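S.K.: This is the structure, below, for whatever I ask next.
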Amino acid sequence: MSIKKTLLTASILAATAVSASAFADSSVSAFSVDNHAGFVVGAQGGYANTNWDNFLDPAAKDTGFAARVFAGYDMNQFLGLETGYTFLPRTTGTIPLFGGSYSIRNYAVDLLAKLSVPVSNVFNIYAKAGAAYFNSRISLDSLGTQNNSHIGPAFGVGAAYEVIPNLAIDLSWMRFSG
């Protein structure tokens with residue numbers, strides 16, 4: 001089986017996000033049931049595991065910091081769309097069969113539908129699902145560099161708390177599968 005077919009660009013991102021919202025009526029709370037629409041932008045950072053050790057080298061270093069920036073539009077307090085760019089941690093290790101080391105850099109661009117449930121005026125829980133474009137740049141000492149990309153499912157869950165009007169923090173878990 002070729003390396004290209006066995007690549008896994010999966011990530012679990014447990015992140016704290018800060019998102020700012022620009023709503024049509026700025027006097028309305030971001031998660032208020034009276035809020036009907038608005039743009040959302042934000043950034044997330046946290047821990048990720050790319051799971052490359054499952055395919056290449058059990059001793060691979062494939063965990064670390066990941067970052068995501070996103071923008072979206074909430075059609076109402078229940079439904080929204082979101083797109084984002086995720087930078088995943090670099091994976092490094094050795095391949096005993098080739099006698100060399102490798103380095104893999106990954107990123108993902110996603111498009112997600114977001115379903116939210118307001119628990120109160122300042123707290124909501126949500127689920128996201130959609131597709132992501134994944135790119136992996138694989139550098140092998142003895143074989144050179146290869147880019148691999150594909151489209152796969154992405155999904156996640158989280159909870160957000162509005163600290164002040166139009167500024168929320170959240171805790172989320174996301175998975176990019178491939």
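S.K.: Beyond 17 Å, what share of the Cα-Cα pairs of the range 112-157 is found? Please give it as a whole percent.
M.R.: So the portion of pairs separated by more than 17 Å is 57 percent.
S.K.: So, in nm, how far is label Ala127 from label Asn76 when the simple model puts each one 7 Å beyond its Cα toward the Cβ?
M.R.: Label-label distance for Ala127 and Asn76, simple model: 1.9 nm.
S.K.: Still on this structure, I have one more. Using a 10 Å cut-off on Cβ atoms, rank the peptides 73-81, 153-161 from the highest mean neighbour count down.
M.R.: Ranking the peptides 73-81, 153-161 by packing returns 153-161, 73-81.
S.K.: According to the Kirkwood expression over distinct Cα-Cα pairs, how big is the hydrodynamic radius of the range 65-109, in Å?
M.R.: After inverting the pairwise mean of 1/r, the radius is 13.3 Å.
S.K.: Over 5 Å intervals from 0, what percent of Cα-Cα pairs in the range 47-146 sits in each interval?
M.R.: 3, 12, 17, 17, 14, 11, 9, 7, 5, 3, 2, 0
S.K.: Placing +1 at every Lys and Arg Cβ and -1 at every Asp and Glu Cβ, with all other atoms neutral, what dipole size does the range 35-178 have around its Cα centre, in debye to the nearest 20?
M.R.: Roughly 120 debye for the range 35-178.
S.K.: A further question on this structure: So, in nm, how far is label Ser103 from label Val157 when the simple model puts each one 7 Å beyond its Cα toward the Cβ?
M.R.: In this crude label model, Ser103 to Val157 measures out at 3.8 nm.
S.K.: Another question, then. Taking the simple approach of a point 7 Å from Cα along Cα-to-Cβ for both Thr83 and Ile164, what is their distance in nm?
M.R.: About 3.0 nm, to one decimal.
S.K.: Using a 1.4 angstrom probe, figure out how much accessible area the range 134-178 has per residue, in square angstrom, rounded to the nearest whole.
M.R.: 50
The values are calculated or read from the model by the stated rules, or taken from the named source; none is laboratory data. Quick caveat: nothing in here was measured; it's all calculated off a predicted structure. For neighbour counting, all protein chains shown are included, and Cβ atoms are generated from backbone atoms with ideal geometry for every residue, glycine included. Heavy atoms of the whole protein, side chains included, go into the accessibility calculation; ligands, DNA and RNA do not. Shrake-Rupley method; radii C 1.70, N 1.55, O 1.52, S 1.80 Å.
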